2 protein chains.
Amino acid sequence: MYKPATIKDIAIALNLSPSTVSRALRDGYEISAGTKKIVTDYANSINYQSNPNALSLKNKRSFSIGIVVPELANSFFSQAIAGIESVAYESGYHTIITQTHDSSTRERTNANHLANRSVDGLLISMSSGTTDYTFLKTLHKNGLPIVFFDRIIDEIETFKVTSANFTGSYNATQSLIKSGRKRIAVLANAPQLSITNERLAGYKKALEDNKMPYNADLIRWCYKGGNDYQEVENAVISLLALTDQPDAIFITSDRISISCIRALKSLNADPNTMAVTGFSNSDVVDLLQPNFCYVRQKAFEMGQIAMQMLLKLIESKYPITEFETRVIDTEYHGMEKEN
Amino acid sequence: MYKPATIKDIAIALNLSPSTVSRALRDGYEISAGTKKIVTDYANSINYQSNPNALSLKNKRSFSIGIVVPELANSFFSQAIAGIESVAYESGYHTIITQTHDSSTRERTNANHLANRSVDGLLISMSSGTTDYTFLKTLHKNGLPIVFFDRIIDEIETFKVTSANFTGSYNATQSLIKSGRKRIAVLANAPQLSITNERLAGYKKALEDNKMPYNADLIRWCYKGGNDYQEVENAVISLLALTDQPDAIFITSDRISISCIRALKSLNADPNTMAVTGFSNSDVVDLLQPNFCYVRQKAFEMGQIAMQMLLKLIESKYPITEFETRVIDTEYHGMEKEN
DNA sequence: TTGAAAGCGCTAACAT
DNA sequence: ATGTTAGCGCTTTCAA
């Protein structure tokens, strides 16, 4: 049984009362310098660490924050988490990371567990399947600080940070059009997601501005967000089977982008007749396929901002009523690769 | 302030004592069916969740386990974590994931924090820089169940699980030799790591068995494990600059493999004169470069096994004295890609 | 300057 | 079958 030393142990060893030890360790003003030194020295010598559970129970404060993301094995999220951690670490907060695998049930369980585990706040990027937000609303109403990032929702009023999905998408589509593509198909992520709709809207607007028709036949939904390769391959096959074949594919998400490239390769599609452009934060995407252009989100930065927002919520003395939704621009990586 | 309902609240609302409520909720045998129903119904209606901090404090048991890995943005680890979670979830355990970015300090902080946070056990894969294991020894001596996976160490006696690094490496090198390669260079990970040495040993043995000389000139160390691209590129440049250029590169780690491919591409090395083979668990590695052969570790499976071992340690009635180090075979993906 | 005591939410003897 | 009480480790009045 793992049993670290307690304040009581120190008190007994030093013939002091627990309260004195507690105050000494936290540098309380009432304690004499001498006692403080004795206590801290001894505490260090036995490598004393306070029990966070007891502290949380007492203080309703844990100096840890919970992170809920769909998938760690997704570059965007692991980069965002790195950003979150960098800020959290500086401010003395620990991070507890959980993943949902895009399951609403797991999402609810994780969020509730974190809340009960008395994290001081929650950073969440929604799962693709979630349509019922009551569990979050309840937590939020009960006073748990929540910040949404990337996959945000309208239903809860708080700080949010997301990418300029519309613009990123618009520019990428523009670029395809400029390069002469006439029939641009889309592989879209689950339609419940904010990011999906924004990205699709950017695509539509680009078509419109170029007086090109929007053709629903060219849209394919990948409800599993690219986690199910077969779903993506089927979508690609059905696009290739169209009598009026598309000459480009625009993809609204990272995992789908990868799966699409794989599918095109395995179907022996000609990379010259089929241009591919999509959102991706994979760190190897530039190595994948000669002509793959992509939109990259500033994931690390988004993580940092999200954590800063959460800190603001947590550490604010009075309730915050003015909330901000930050939109971070994306980077477009076209074919002419510099650097 | 987030403040969930407590057992006391329920007790007051239902005019019962806290202990009755507690027992009813945990289906205690002493409680009448009627009371049980009343209590559970009410608890459900207000969405009562027990406070894990209080439980941990009381029971010295948290039903959560801590995970310490170098880097989440590394396919191997995110896959291993998925394996860990799958077992943990089935057994009612939560996982708390932390990453060290290969910093010993972060590693120590994380491990200590998790231990104090009263996780019931620890799953750890060592950071590349760590040479002082006293913090782990201390935790272990104090009774914290620890299981090592992948990057294991000899210094602590407990359950461990790792890959057949020697054999995987041996076979990959054999394969390079069979295909006619004569001068096989190596990009090696930090030499502190168990996996680095095992993989290097496999390489050496393959040379030996083929009566080929081991040439230290062909070995390059990447102490940053591929996180520092420049380090890898420099290594590649220096290999290409050799008067007697290597005709193959064997790489002992995932991140270095990726960086090496990128470096070769940016240096315009001819993929036909320079064969590349390395360890990688990236899910896009097969798309990267036509002739890249790779050794894949069974990461998910390793995670599952590690978690099972940890459960055994945690839930064993009496102290375990017989420890096992499981070695899991690797998959070699050569050039003839089926499927 | 220090100590005693109560309480955070929960459980488990020990009553009743 | 249910209630009372003490205690997990810590902080914080209140008292000395």
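Below are the figures for this structure:
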item: HN-Hα J in Hz across segment A:221-227 - Karplus 6.51, -1.76, 1.60, θ = phi - 60°, x for Gly and Pro; result: 9, 10, 5, 8, x, x, 6
item: Net +/- balance of residues flanking B:Q99 in space, Cβ distance below 13 Å, scoring K and R +1, D and E -1; result: -3
item: Three-way shape label, the protein assembly as shown, alpha-carbon gyration tensor, a/c 1.5; result: oblate
item: Of A:I97, A:I84, A:I46, the one that fluctuates the most in a GNM where chain A has Cα springs shorter than 10 Å; result: A:I46
item: Amide proton proximity set for B:V276, modelled H, under 5 Å, gap of 5+; result: B:I249, B:C293
item: Beta bridges per DSSP with both ends in chain B, % antiparallel, nearest 5; result: 10
item: Rounded to the nearest 20 debye, dipole of the protein assembly as shown from Cβ charges on Lys, Arg, Asp, Glu; result: 1660
item: Nearest-20 debye value, segment B:165-297 charge dipole, Cβ charges on Lys, Arg, Asp, Glu; result: 220
item: Nearby lysines by direct alpha-carbon distance to A:K211 (threshold 27 angstrom, same-chain neighbours under 8 apart not counted); result: A:K178, A:K182
item: Distance (nanometres) between label positions extended 7 Å along Cα→Cβ at B:S238 and B:D154; result: 2.7
item: Most to least packed among B:102-109, A:317-324 [average Cβ atoms within 10 Å]; result: B:102-109, A:317-324
item: Size of charge dipole - segment A:7-50 - debye, nearest 20, with Cβ of Lys, Arg +1 and Asp, Glu -1, no other charges; result: 40
item: Max mean-square fluctuation residue, GNM over chain A, Cα-Cα springs under 10 Å, options A:S175, A:S19, A:S50; result: A:S19
item: Rg/Rg_globular for chain B, with Rg_globular taken as 2.2 N^0.38 Å and Rg from C-alpha atoms; result: 1.25
item: Under 17 Å from B:K298, Cα to Cα: lysines that are on another chain or at least 8 residues apart; result: B:K160
item: Charge sum, other residues only, whose C-beta stays under 11 Å from A:Q289's C-beta, Lys/Arg counted +1 and Asp/Glu -1; result: +1
item: CD proxy at 222 nm, helix term only [per DSSP H run n ≥ 4: -39500 (n - 2.57); per residue of chain A; nearest 500]; result: -13500 deg cm²/dmol
item: Straight-distance crosslink candidates among aspartates and glutamates, where the alpha carbon sits under 12 Å from B:K60 and sequence neighbours closer than 8 are dropped; result: B:D120
item: Listed pairs A:K137/B:K36; A:K312/B:K224; B:K3/B:K58; A:K204/A:K312 exceeding 31 Å between Cα atoms; result: A:K312/B:K224; A:K204/A:K312
item: Whole-Hz ³J(HN,Hα) from phi, Karplus 6.51 cos²θ - 1.76 cosθ + 1.60, for segment B:272-282, glycine and proline x; result: 7, 8, 10, 7, 10, 9, x, 6, 6, 10, 4
item: Zone residues, segment A:253-286, relative to A:S179, backbone N less than 17 Å from point 7 Å out along Cα-to-Cβ; result: A:253, A:257-258, A:260-262, A:264-265, A:269-281, A:285-286
item: For chain A, built as a Gaussian network whose Cα springs stay under 10 Å, the top-fluctuating residue of A:T325, A:T273, A:T98; result: A:T273
item: Rounded to 5, the percent of DSSP beta bridges in the protein assembly as shown classed as antiparallel; result: 10
item: Ranked by how many other beta carbons lie within 10 Å on average, peptides B:71-83, A:29-41 from highest; result: B:71-83, A:29-41
item: Placed amide H near A:T100: partners under 5 Å, 5+ positions off or other chain; result: A:V69, A:E71
item: Rounded to 10°, Cα long-axis angle of helix B:104-116 versus longest principal axis of chain B; result: 20
item: Nm distances between copies for A:L240, ranked from closest, using label points 7 Å along Cα→Cβ; result: 3.4
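Each value in this text was obtained by applying a stated rule to the coordinates, not by laboratory testing. Note that the structure is a prediction, hence the values are computed from the model and not measured. Glycine also receives a Cβ, built like all others from the backbone with ideal geometry; neighbour counts cover every protein chain displayed.
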